[in-house]
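Computed from the coordinates by the stated procedures, all read-outs in this text should not be read as laboratory data. Because the structure is a prediction, the values reported are computed rather than measured. Heads up, the Cβs are rebuilt from the backbone with ideal geometry, glycines too, and the neighbour counts pull from every protein chain shown.
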There are 2 protein chains.
Amino acid sequence: MKNPVQFYKCLADETRLRCLLLIAQEEELCVCELTQAIDEIQPKVSRHLAQLRKCELLLDRRQGQWVFYRINPALPDWAKAVLAATLASNQPFLVKNMNRLNKMGDRPARAQACC
Amino acid sequence: MKNPVQFYKCLADETRLRCLLLIAQEEELCVCELTQAIDEIQPKVSRHLAQLRKCELLLDRRQGQWVFYRINPALPDWAKAVLAATLASNQPFLVKNMNRLNKMGDRPARAQACC
DNA sequence: TTGAGACATACGTTAATTCATATATACTAA
DNA sequence: TTAGTATATATGAATTAACGTATGTCTCAA
């Protein structure tokens, strides 16, 4: 992450913020899960995830046909703290998304990183 | 503040973020001090401060010819925590501004709110 | 090797933000 | 009053960001 302004630009869009917070809450989510949870079309979600990846807020990992995104553990501590505080105090902002996610059938299973 | 997205939109501009952090650090600053500190023209600073006021991140108080801005104490705790964490870990982002501010002559004296 | 699902990106358009300049308002001091 | 300083806002132009649609790549399974 370049500077705090760039960091906050990443959080300053509804789609991106919802994705980030959902991922922070669930550890790891794939694109189709996010697409379902926030009820937006896939290219839109994908485009925003690409931006978060480019700014190094997220890391991705391919597993079969799916790509899972997670918070970049190399983020500076203050940035992690900002995300954590936002998540902890804004559950109402995410309820609908969490409901959609939980009602989703056929969620892809996570495999361990290594076997 | 309406929602976390609006809050982060407020932080997602260099001029606004610098103003906010400088104010958080100094308790209270007037427009001409901010204009000096961040080295931008007055209408630009004023416009961004107006936006932060409108979103209820800042409160203002007129004292004579000056208008002093301070962080709104009614901000939700998580938002205050976000600002505090950002300030604490991004001093390098502000050094030039702090230097300019400290070298500024004729800074208006703060009067107490009441006598 | 073909088809289908998951994901990424390119492209042109639209919408939102930011800007500099000009000007208005508020206050102070003469 | 008038002049001067501090601040706010209006306006139109310029920049940036977000969008939908179309299409490309990758993987798996038949």
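Taking the condition more than 11 Å from every other protein chain (Cβ to nearest Cβ) and in contact with a His (Cβ under 9 Å, 6 or more places away or on another chain), does residue A:19 pass?
Criteria met by residue A:19.
Has region A:67-78 got at least one residue that is within 10 Å of chain B (Cβ to nearest Cβ), surrounded by 17 or more Cβ atoms within 10 Å (Cβ to Cβ) and away from DNA strand D (no atom under 11 Å from the Cβ)?
The answer is yes, given that some residue of region A:67-78 is within 10 Å of chain B (Cβ to nearest Cβ), surrounded by 17 or more Cβ atoms within 10 Å (Cβ to Cβ) and away from DNA strand D (no atom under 11 Å from the Cβ).
In the set A:40, A:33, which member is away from chain B (no Cβ under 13 Å) and farther than 14 Å from residue A:69 by Cβ?
One residue alone meets the criteria, A:40.
Just a yes or no: is a residue in region B:79-100 more than 14 Å from chain A (Cβ to nearest Cβ), assigned to a loop (DSSP other than H, G, I, E, B) and surrounded by fewer than 17 Cβ atoms within 10 Å (Cβ to Cβ)?
Within region B:79-100, none of the residues are more than 14 Å from chain A (Cβ to nearest Cβ), assigned to a loop (DSSP other than H, G, I, E, B) and surrounded by fewer than 17 Cβ atoms within 10 Å (Cβ to Cβ).
Could you run through region B:1-38 and say how many residues are within 14 Å of DNA strand D (Cβ to nearest atom) and farther than 23 Å from residue A:11 by Cα?
Qualifying residue count for the region: 12.
Looking at B:85, B:79, which is the one that is more than 15 Å from the chain's Cα centre (by Cα), closer than 19 Å to residue A:90 by Cα and not aromatic (Phe, Trp, Tyr)?
The unique qualifying residue is B:85.
Determine whether region A:82-94 contains at least one residue that is farther than 19 Å from residue B:79 by Cβ and touching a residue at least 24 places away in the same chain (Cβ under 8 Å).
No, region A:82-94 contains no residue that is farther than 19 Å from residue B:79 by Cβ and touching a residue at least 24 places away in the same chain (Cβ under 8 Å).
Would you confirm whether or not region A:2-13 contains a residue that is among the polar types (S, T, N, Q), within 14 Å of chain B (Cβ to nearest Cβ) and away from DNA strand C (no atom under 13 Å from the Cβ)?
Yes.
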